[in-house]
1. With respect to Asp217, determine if the residue is among the acidic types (Asp, Glu) and under 26 Å from the mean Cα position of the chain (by Cα).
2. Out of Ile390, Ile345, I need the residue that is aliphatic (A, V, I, L, M), farther than 19 Å from Gln127 by Cβ and surrounded by 14 or more Cβ atoms within 10 Å (Cβ to Cβ). Which one?
3. Of the residues that make up segment 299-322, is at least one within 30 Å of Asp153 (Cα to Cα), modelled with pLDDT under 80 and among the basic types (Lys, Arg)?
4. Pick from segment 191-213 the residues that are touching an Asp or Glu at 6+ places or on another chain (Cβ under 7 Å) and outside any strand (DSSP E or B): which of them is surrounded by the fewest Cβ atoms within 10 Å (Cβ to Cβ)?
5. If I filter segment 104-122 for residues that are under 30 Å from Lys17 (Cβ atoms), modelled with pLDDT of 85 or more and among the hydroxyl-bearing types (Ser, Thr, Tyr), do I get at least one hit?
6. Looking at segment 1-57, which of the residues that are part of a loop (DSSP other than H, G, I, E, B) and of a type in the set (A, V, I, L, M) is farthest from the chain's Cα centre (by Cα)?
7. Which of the residues that make up segment 1-26 are among the acidic types (Asp, Glu) and free of Cβ contacts under 8 Å to residues at least 24 places away in the same chain?
8. Kindly establish whether Glu2 is modelled with pLDDT under 80 and touching a helix residue (DSSP H, G or I) at 6+ places or on another chain (Cβ under 6 Å).
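The values are calculated or read from the model by the stated rules, or taken from the named source; none is laboratory data. Only a predicted model underlies this, so the values are computations on that prediction, with no experimental measurement involved. When we count neighbours, we look across all protein chains shown, and the Cβ atoms used for this are built from the backbone with ideal geometry, even at glycine.
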Amino acid sequence: KELEQHINSLSEKFRIKSVIRQIAYNDIVKCLLLPKGVPLELFGAKFIFWVKQHFILIKIANVEIGCCIKSKKPICVYEAYYNVIGEAHVTISHGGRDKTIYELNTHYRCIPRFAVEMFLKQCVPCQIRKPLKQHVIGKPIISLGVMTRLQIDLIDMRTRPDILKPDIIYNWILNCIDHFSKFSWSYPLKNKSAAEVALKLRELFFVFGPPRLLHSDNGREFVASVIHELKELFPDMMFVRENGIVDEENLPTPICDSNDDIIDDENDCADVIDEDIIQLVQQLSDEVVASSLVDLSLSHSPTVTPQKTRHDLQKKINLNDCVGLQIHTVDRTNTDAKLLPCLIIEKLEKDGKITFKLACEYGKLEIPYSIEHVVDLKMVCPEALKHIVIDDLNDITFIEAC
């Protein structure tokens with residue numbers, strides 16, 4: 001359907017010869033089979049000249065096949081595009097547009113590039129595995145002291161685990177880095193669990209003290225579990241702040257040396273200083289972002305087409321549409337899909353912000369997601385997702401769905 005619409009959008013001059021349909025292929029074969037000297041009343045002079053210039057008959061298994069006169073490759077008709085392109089694309093293991101075109105050109109001719117591009121847009125494995133391009137200007141992280149900002153990350157070592165004993169196998173590495181001093185700590189983990197991460201962070205905090213800001217980008221649900229475990233160990237946390245990309249956890253400082261109790265006094269002088277530091281860091285970050293925006297605008301030409309905003313995407317997405325959720329690298333391997341296909345089962349609006357309740361083929365996701373977290377997959381909705389019964393699904397977490 002999409003291919004037919006594209007062909008109809010072309011001018012009449014290029015519409016006829018953009019693809020070769022079965023009827024046109026039969027006329028080409030008839031024109032080439034007629035002997036010389038016989039009047040060709042069924043075809044016009046222009047059509048005969050075009051056929052003689054571009055095509056030739058080759059006998060394959062006692063059958064006359066119309067082929068390209070230059071490459072001697074068979075002609076692929078319009079009605080066989082889907083099967084032929086699909087076979088070539090699977091043969092190269094979903095290798096992309098250029099590899100698919102190269103594979104097709106080794107066997108056939110007369111397959112236009114736009115037909116291959118439209119097929120790839122509707123290929124489910126390719127769409128859920130392609131990387132997400134996010135052309136945004138990141139906000140710089142500025143630290144003004146040791147243990148002011150601490151970032152944690154998990155390194156997947158399941159392909160090469162460290163086996164000490166049959167019952168002691170380390171599959172993950174917890175990496176912690178201080179943004180100010182660039183000093184890093186590493187801890188082995190048996191599995192990816194929030195409780196084990198919190199225990200290792202507790203060891204770090206007891207040696208060097210808790211940081212003012214704790215960063216992690218290992219997925220929303222995993223970060224929330226780590227925060228919950230840290231609250232069990234440190235009940236007097238100040239507050240949690242989320243910005244959609246980095247989850248930050250403020251831990252109270254300082255630590256009282258006399259009784260090892262964590263002080264959380266709002267009138268304490270140290271807290272006032274920390275608030276001033278946070279305001280200064282925020283001001284410096286805004287200035288750096290503003291200067292980078294000015295440099296970016298000067299480096300480009302003044303005629304720039306506006307990009308699609310999230311508001312436009314929010315209008316296009318409706319109930320029962322297929323969208324994708326990005327799967328973090330910690331929750332998948334290099335060969336797994338980068339997106340989790342889901343259906344929108346409910347659209348919620350609160351305080352002017354719209355969120356979506358989603359369901360995948362394994363169950364209904366517990367957490368609602370905003371427009372920033374979804375990718376439009378209406379053209380590549382999997383067949384298994386189209387036939388699911390929403391009422392029969394149970395509530396699951398995003399990590400369980402992955």
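1. Yes.
2. The unique qualifying residue is Ile345.
3. yes
4. Ala195
5. For segment 104-122, residues under 30 Å from Lys17 (Cβ atoms), modelled with pLDDT of 85 or more and among the hydroxyl-bearing types (Ser, Thr, Tyr): present.
6. Only one residue tops the list, namely Val38.
7. Answer for segment 1-26, where residues must be among the acidic types (Asp, Glu) and free of Cβ contacts under 8 Å to residues at least 24 places away in the same chain: Glu4, Glu12.
8. Yes; evaluated as a whole, the condition is true for this residue.
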